[in-house]
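Where a number appears in this text, it was derived from the coordinates with a stated rule and is not lab data. As the structure is a computational prediction, the values presented were derived from the model and not from experiment. Glycine also receives a Cβ, built like all others from the backbone with ideal geometry; neighbour counts cover every protein chain displayed.
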Amino acid sequence: MAKFSHVNSTIREGFRMAIEAIRQNKLRSILTLLGISIGVFSVIGVMTAIRTLESSVNSQLDILGTNTFTINKSPAIQIHGPGGNRKIRQRKNITYAHYEEIKRKAKLPLRVSVLDGTGERNIRYKDKTLKKSAELRGADEWALRSINAYLADGRNFTPDDIRFARNVTILGPDILDILFPFEDPLGKAIKIKGIDYTVIGVTERKGQAFGQSQDYFVLIPISLYIQRFSNRWTSLGIVFEAESADMYEKTMDEAIGLMRVIRKVPVGEENDFSILSNEELMETFAGFTGGIKIFAGSVSVIALLVAGIGIMNIMLVSVTERIKEIGIRKAIGATRRDILTQFLMEAIFLSQFGGVVGVILGIAGGNVVAIVLNVPAVVPMDWAFYGMAVCSLIGIGFGIYPAWRAANLDPIESLRFE
Amino acid sequence: MADLISLKEIKRYYDVGGEIVRALDGIDLIIEPNEYISIMGPSGSGKSTLMNMIGCLDTPTKGVYEFEGELVHEMDDNQLASIRNRKIGFVFQTFNLLPKATALRNVEVPLIYANISKSERIEKAEKALNAVGLHDRMHHKPNELSGGQRQRVAIARALVNDPSILLADEPTGNLDSKSGVEIMKILDSLHDDGNTIILVTHEEYIADHADRTINLFDGKIKEDIKTNKRIRVSS
Ligand SMILES: Nc1ncnc2c1ncn2[C@@H]1O[C@H](COP(=O)(O)OP(=O)(O)OP(=O)(O)O)[C@@H](O)[C@H]1O
Ligand SMILES: [Mg+2]
């Protein structure tokens, strides 16, 4: 107990000394703090930003349904050199015939469906028109499932709607807001490029993903879409759904194999199509954030190292400036440990102070991303904790030598020091 | 009852670039409680070295030092610090106060190292400052005080832990004669209250306050006389 309260009063004395020393050398202290703050800021800022991105992405990466993947002509996210782009552009389109053939031959998938989209602005109901191109999608009866949307009202497409290319449509809620602000849309006819389509259903609102609305679309039967909206660049997406997570890999392998046969890809050559899955989107995203994390990590390691050296420097100066004071304290009974503790406290306090500033600025800065993406703010307590722990370690690591020097000063020599 | 302080064959040598300086060269000295001793001698004779030795700031090259029966020359750093803190009050020629701290705070610091609670610290420090007549200067910093007042703060700090002995190395050396007289009045009355005091001085009239005068020369005791013809300025 006595031991504890002694430690306690020494720590309080160290705390007091630290504040005094910082107050007396404001500019010098602030410059030292700045190094720590920048180091902590960069890592906390980036981690917070990534955390907000992750939380927004994880909640939105169910853009595709579960256990589904899509075969497209070109990848959703294209990262390649100048040659690669042309190679992808030269790929053959995926046609409705490809879809029908693979649908007939594939044994494993729960379902195979087809999807394509284009931008279309010429959509109206009476005097109401769209200001901005909507996503016009050719779909089959599985399309809602493929895009992970649910009907709010009305009915889905039937196989007959598709087979007979009926003039029917399902609307996303954003379209509804514009064309039918006060009216029940079901059974009404909207005009797309001047041709009437009867509204048979509307979907539930999904909100935004990656800063874009997912509700601004119009679905029509794929058969109609191919007749009226396809051109020589039209390439369809074929959506596969596996029976279960366990069957996912096998289903994908089968689809790839069949697709290669159907498109006559010679053995040994690369696929002339791309596969898009939730997993792949996640992986691409993780690779992207991983890079940023490593970069931010190295920036802050360097900044913190420099800051640590700054702290060591300022502490050495501080010890030299206060040799006399150390002598006095020793003469009136301070032990080596008292002096060591006091100077260590000062170093830790300096770095902690810089750390707090860095954490606050970092969380604030990182959450700018949250505001931009319109997702809830994130306070990464774990990273804030690590940041502060690292600051303490830096304070101890770089403060121990100056403190040790102070503690081992000879009292008589120090008292004589002018 | 044991002696308060007993030095036997105490030597303190310095090695200055290969040459040995014998700052203390065989000191035998016994000090009893409530003695009032002055140490005199020419510059460089070893007065300060002896005071630092007695004050446990320094350790002997050779010899036996007993403080209240404990062997100081065998103590480690922490034990020495503890003796300095609890048993010894040191007053320096140049005051040696913490410049950024108030008088009260300066007097409080030894109590921090003595592990005494905040409220008790304040109480003791105020009492010590009252005893040296500084009750109205508690919250002044050293640069807001006169030399005499600063030395009184230093005396209060030396006394605050109720030490067994008060050591003063030329306590009036940096003061004008009027302030010097004030300081000596305080030391006299402390002695009257039962404190043991050793002071170093160059001035005969300061030394005359003491009951015993030790003369040093070349690190040895040349003369050790009981005076008893005490001159008191007034009281
Ligand atoms: N740290 C040291 N290194 C080397 N020599 C020292 C050291 N400290 C003291 N001395 C020497 O020891 C001798 C005694 O010094 P001390 O300071 O005790 O003298 P003093 O009697 O107090 O003198 P003064 O009246 O001038 O204060 C001197 O010769 C001095 O040069
Ligand atoms: Mg001297």
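Worth pointing out:
- Pair B:Ser82, B:Asp3: separation of 7 Å Cα→Cβ label points (nm): 2.4
- Toward the positive end of the charge dipole of the protein assembly as shown, with +1 on the Cβ of Lys and Arg and -1 on the Cβ of Asp and Glu, the farthest Cα among A:Ala407, A:Ala152, A:Ile394 is that of A:Ala152.
- Estimated from the Cβ-Cβ distance and a Förster radius of 22 angstrom, the FRET efficiency linking B:Asp192 and B:Asp28 is about 0.15.
- Take every pair of alpha-carbon atoms less than 8 Å apart whose residues are at least six positions apart; their mean separation over the length of segment B:5-226 yields a relative contact order of 30 percent.
- Debye, to nearest 20: dipole size of chain A, +1 on Lys, Arg Cβ, -1 on Asp, Glu Cβ: 860
- Rounded to the nearest 20 debye, the dipole size of chain B about its Cα centre is 680 debye, using +1 on the Cβ of Lys and Arg and -1 on the Cβ of Asp and Glu.
- Extension gain for A:Glu101-A:Asn148 works out to 14.4 nm (0.36 nm per residue, less the C-alpha to C-alpha distance).
- Rough spin-label spacing in nm, given labels placed 7 Å along Cα→Cβ, for B:Ser119 and B:Ser177: 5.0
- DSSP bridge analysis restricted to segment B:5-226 gives an antiparallel fraction near 60%, rounded to the nearest 5.
- Helix-derived mean residue ellipticity, 222 nm - over chain A, DSSP H n ≥ 4, -39500 (n - 2.57), to 500: -19000 deg cm²/dmol
- Mean Cβ neighbour count within 10 Å, used as a protection proxy, ranking A:245-252, B:78-85, A:37-44 highest first: A:37-44, B:78-85, A:245-252
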